[in-house]
Amino acid sequence: MRRTSLLTVGVTCTIFGLLAGLGLAWAAVGLDAYVDENGFIDVQTLTCDQLANTYQEDANALANWYSGWYNGLAKKHYYHLTRVAGVEHELIVWCEAHRERRIIEGLGFLAHEARGPR
């Protein structure tokens, strides 16, 4: 349990630093601002700019949700802690360069890039 906690703290600090570089620390908007009347967020419409401008905890939760969603699509049932942190970092870097694009587009790009040429 302690190992997971230390890893979580390390990942959280890294993500906070990266998101702060995108402007998060100055004008954070909670993900609750994007909730519909039924309490849901349409994750396929969220933009990189919205990710950059949300709270650290919300960005972490969202990144973990996307990771689980992609694993479900791939019919995988494993969670790789260090790999998820790496993908979160790559997504944030991609989003920094493409603020107007949707987060899901960045994840698709990274997934395609990870597969390499076929």
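Note on His89 and Val43: the model spin-label points, each 7 Å out from Cα along the C-beta direction, lie 2.2 nm apart. Packing order of peptides 31-42, 86-97, highest average first: 86-97, 31-42 (average count of other Cβ atoms within 10 Å over each peptide's residues).
Give the residue list of trypsin sites (Lys or Arg not before Pro) in region 37-115 that are DSSP loop and have at most 14 other beta-carbon atoms within 10 angstrom. Sparse-neighbourhood loop trypsin sites (Lys or Arg not before Pro): Lys75, Lys76. Close amide H pairs (under 5 Å, H built 1.01 Å from N) link Thr47 with Ile103, residues at least 5 positions away or on another chain.
Taking amide H positions as placed 1.01 Å from N in the peptide plane, with prolines and chain starts having none, which residues 5 or more places from Val29, or on another chain, fall under 5 Å of its amide H? Amide H to amide H, under 5 Å and 5 or more residues apart or across chains, Val29 pairs with Thr54, Tyr55. Stretching Arg101 away from Tyr79 to a fully extended chain increases their span by 5.3 nm, per 0.36 nm per residue minus the current alpha-carbon distance.
Phi angles across region 54-62 convert, under the Karplus curve 6.51 cos²θ - 1.76 cosθ + 1.60 with θ = phi - 60°, into 3J(HN,Hα) values of 9, 6, 3, 5, 5, 4, 5, 4, 5 Hz, Gly and Pro given as x.
A short reminder: the numbers here are calculations on the coordinates, not readings from a lab. Everything quoted here is computed from the prediction, not taken from an experiment. Note: ideal-geometry Cβ built from the backbone for every residue, glycine included; neighbour counts use all protein chains shown.
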